[in-house]
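Since the structure comes first, as structure tokens, the remarks are kept for the end.
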Amino acid sequence: MSDLTDLWIYLSAGPLLWLTATVLAYAIGDAAFRAAGRSPWVNPVLVAVALLSATLWSTGTPYQTYFGGAQFVHFLLGPATVALALPLWANRGLLRSAALPMVAALLVGSLVAMLSAVAVGWAFGLRGAVLLSLVPKSATSPVALGVSEVIGGLPTLTAALVILTGIIGAVVVTPLYNALGITDWRARGFATGVAAHGIGTARAFQVHETAGAFAGIGMGLNALLTALLAPLIARWLF
Amino acid sequence: MIWALVLLLGCQLAGESVARLFAIPLPGPVLGMALMLLLLVVRPRIYEVVAPTGQTILANLSLLFVPAGVGVVAHLDTLGRYGIGLLAALVVSTVLALAAGVLTFRLVARAMGQGPDGGRAP
């Protein structure tokens, strides 16, 4: 028994255990997603997060220890963002004809995301730093955190709101667009990237390659627009 | 694959450096994406080098958000205090932004004579 305890102490101190657990949890989430007929309601990220959170909680493992292993997966977000240039390049023919619709959808999608979040939060009695933390939640994490700090929000709260926005977007986007009868993959992908950043983009790639490419552009452009507009909106509101 | 990694990481490194040096309010990787696009425009052959590795990473993009997702659970106490208001704000604003964006895109595309699937209208 003490051998097992020793092994646990040894493994839980290094990155291997939680790195393996992260990949395994996602593999289980992805298998569940496929088993459910690729239903948007069984989001692989959500399944993996639930499994890992339950494991951390039941073993009393702090998030910092977990992240010591998971950081290797987290780091790949950088190269993955750079790699979004590939589908952009492959779809460059489609891009040219979509420039004007993209600019319009970017402005409207970005403003609606920021203003409606603040309006609903206000209606529910949120004020001050908590309310401001909502403003950049549709932008990709690194931009949203920076913006939150600049406008007087709480960056750690914004980090959580950004991830939740992505998961909500990834879950609702397919049923919503099917209900609206939208069959244009460029429009579906682009608006998803603007409203639900990288997690929405990952969902778009699961559905259609063109949608994924346009989601990547939407995410990148909304990162830029949120960085520019959020400070103005925050100053105008408060 | 090695050259793909060199190019992907190199673009990210260059993006991070430019963002820091010139205090640009964009994440380094987003500037790295713009740089990679520039490389592809100048040297289209790079596509064949980077595409296999890059597309493998993109095909598993969801996996990369799992560590940050677990981090949300670590903030549950903050979220719990304002839970209902924050959750309502997130759900409503995300659904509205998704719908407003896609409808605006289609409105402008239709005005330009593009059909429901994005091609020329029949």
Kindly indicate whether A:S138 is part of a loop (DSSP other than H, G, I, E, B) and closer than 22 Å to A:A227 by Cβ. yes
So, A:L161, is that one buried (at least 23 other Cβ atoms within 10 Å of the Cβ) and of a type outside the set (V, I, T) or not? yes
Tell me the residue from A:G125, A:G121 that is at the interface with chain B (Cβ under 7 Å from one of its Cβ atoms), more than 18 Å from the chain's Cα centre (by Cα) and crowded, with 24+ Cβ neighbours inside 10 Å, please. A:G121
For A:V112, are the conditions met, namely being open to solvent by 20 Å² or more (accessible area, probe 1.4 Å), over 26 Å from B:G10 (Cα atoms) and facing chain B (nearest Cβ under 7 Å)? yes
Expected single match for at pLDDT below 90, small (G, A, S) and open to solvent by less than 80 Å² (accessible area, probe 1.4 Å) among B:G32, B:G28 is B:G28
Give the range A:52-79 a look and list any residue that's part of a loop (DSSP other than H, G, I, E, B) and more than 7 Å from chain B (Cβ to nearest Cβ), or say none. A:G60, A:T61, A:P62
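The values are calculated or read from the model by the stated rules, or taken from the named source; none is laboratory data. Worth saying up front: this structure is predicted, and the values here are computed from it rather than measured. FYI the Cβ positions are ideal-geometry reconstructions off the backbone, even for glycines, and counts take in every protein chain you see. SASA here: full protein model, heavy atoms, side chains in, ligands and nucleic acids out. Shrake-Rupley method; radii C 1.70, N 1.55, O 1.52, S 1.80 Å.
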